[in-house]
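**Student:** Attaching a single structure in structure tokens format; questions to follow.
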Amino acid sequence: MQGEKLQEIAQRIQTMREILEIPVAEMAQQTGLSAEEYLKNESGESDFSFTFLYNCAKAFGMDIVELLTGEAPHLSFYSIVRKGEGLKINRRKGFTYNHMAYRFSGKIAEPFLVTAPYHEEEQDQPIHLSQHDGQEFDFILSGQLKVQMESHTEYMGPGDAIYYDSGHAHGMIATGGEDCVFLAIVIKGDSKEVAD
């Protein structure tokens, strides 16, 4: 994320935690970080992962879009997002998430158009794994994705889909020499215990 936007989001996170009187130790536990790591995120010293933002929004009882933009979604019947107009969220090593329903309030799922960049240096390295409550559906539109589900590794291409319990450790990288674009639908769960 860009510095100014990162600071704005960090300030919203700190303000919400203080308003709700949630101790740092509790927020650290709910985001799966140490208190020191949590405070670095809350102060804007380190960039946020999607999972961190998702867990903060859940802890605050607010929509992730409101946490990102400072404005609550207002549409409740339907919402259209035209090509290229999703709410852009950048996360680890160039992954770009475009939220495809950011104007809709009361969502039971978070739909994203994700671009995973291809990096040659990642191909033989362990894949970073994360966890968050709920379930997820990913559908590959273009490119290839190497997906790790705990100790299982799968390779996916255009037209392939995976549905999984995202409370289990999972991670992915683009493979095959090109970026991978996929639709990710994160379905909210009940638990507040989530880790990145």
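The values are calculated or read from the model by the stated rules, or taken from the named source; none is laboratory data. Just so it is clear, the structure is predicted and the values come from calculations on it, not from any experiment. When we count neighbours, we look across all protein chains shown, and the Cβ atoms used for this are built from the backbone with ideal geometry, even at glycine.
**Student:** List the pairs whose first member sits in segment 23-48 and is without any contact (Cβ under 8 Å) to a residue 40 or more places away in the chain and within 10 Å of A10 (Cα to Cα), whose second member is of a type in the set (F, W, Y) and crowded, with 19+ Cβ neighbours inside 10 Å, and whose Cβ atoms are under 7 Å apart, counting only residues at least 6 apart or on separate chains?
**Tutor:** Pairs that qualify, where the first residue is without any contact (Cβ under 8 Å) to a residue 40 or more places away in the chain and within 10 Å of A10 (Cα to Cα) and the partner is of a type in the set (F, W, Y) and crowded, with 19+ Cβ neighbours inside 10 Å, are N41/F48; N41/F52.
**Student:** Consider S142 carefully, then state whether it is more than 16 Å from A109 (Cβ to Cβ), among the polar types (S, T, N, Q), touching a Cys at 6+ places or on another chain (Cβ under 8 Å) and exposed (fewer than 15 other Cβ atoms within 10 Å of the Cβ).
**Tutor:** yes
**Student:** So, one more: Would you check which residues across segment 146-196 are at pLDDT 95 or above and not in a strand (DSSP E or B) and list them?
**Tutor:** G157, P158, G159, D160, G176, G177, E178, D179
**Student:** Let me ask you something else. Out of V114, V81, V65, V24, which single residue is among the β-branched types (V, I, T), surrounded by 15 or more Cβ atoms within 10 Å (Cβ to Cβ) and more than 16 Å from the chain's Cα centre (by Cα)?
**Tutor:** It is V81.
**Student:** Looking only at segment 1-21, which residues are in a loop (DSSP other than H, G, I, E, B) and surrounded by fewer than 15 Cβ atoms within 10 Å (Cβ to Cβ)?
**Tutor:** Listed by number, the residues that qualify are Q2, L20, E21.
**Student:** Related question: Please enumerate the residues belonging to segment 122-145 that are among the charged types (D, E, K, R), out of contact with any Ser or Thr (no Cβ under 9 Å at 6 or more places or on another chain) and part of a loop (DSSP other than H, G, I, E, B).
**Tutor:** Scanning segment 122-145 gives a single hit, D124.
**Student:** Of the residues S46, S34, S105, only one is of a type in the set (S, T, Y), over 15 Å from the mean Cα position of the chain (by Cα) and under 15 Å from K5 (Cβ atoms); which?
**Tutor:** None of the other options fit; the residue is S46.
**Student:** Another question about this same structure. Kindly indicate the residue of segment 165-174 that is over 13 Å from the mean Cα position of the chain (by Cα) and surrounded by fewer than 21 Cβ atoms within 10 Å (Cβ to Cβ) and also nearest to L113 (Cα to Cα) among those meeting that condition.
**Tutor:** Here the residue is D165.
**Student:** Which condition from (1) within 19 Å of I9 (Cα to Cα); (2) assigned to a strand (DSSP E or B) is the one that Y102 breaks?
**Tutor:** (2)
**Student:** Residues being under 16 Å from E21 (Cβ atoms) and part of a loop (DSSP other than H, G, I, E, B): count how many of those fall in segment 35-63.
**Tutor:** Residues flagged as under 16 Å from E21 (Cβ atoms) and part of a loop (DSSP other than H, G, I, E, B) within segment 35-63 amount to 2.
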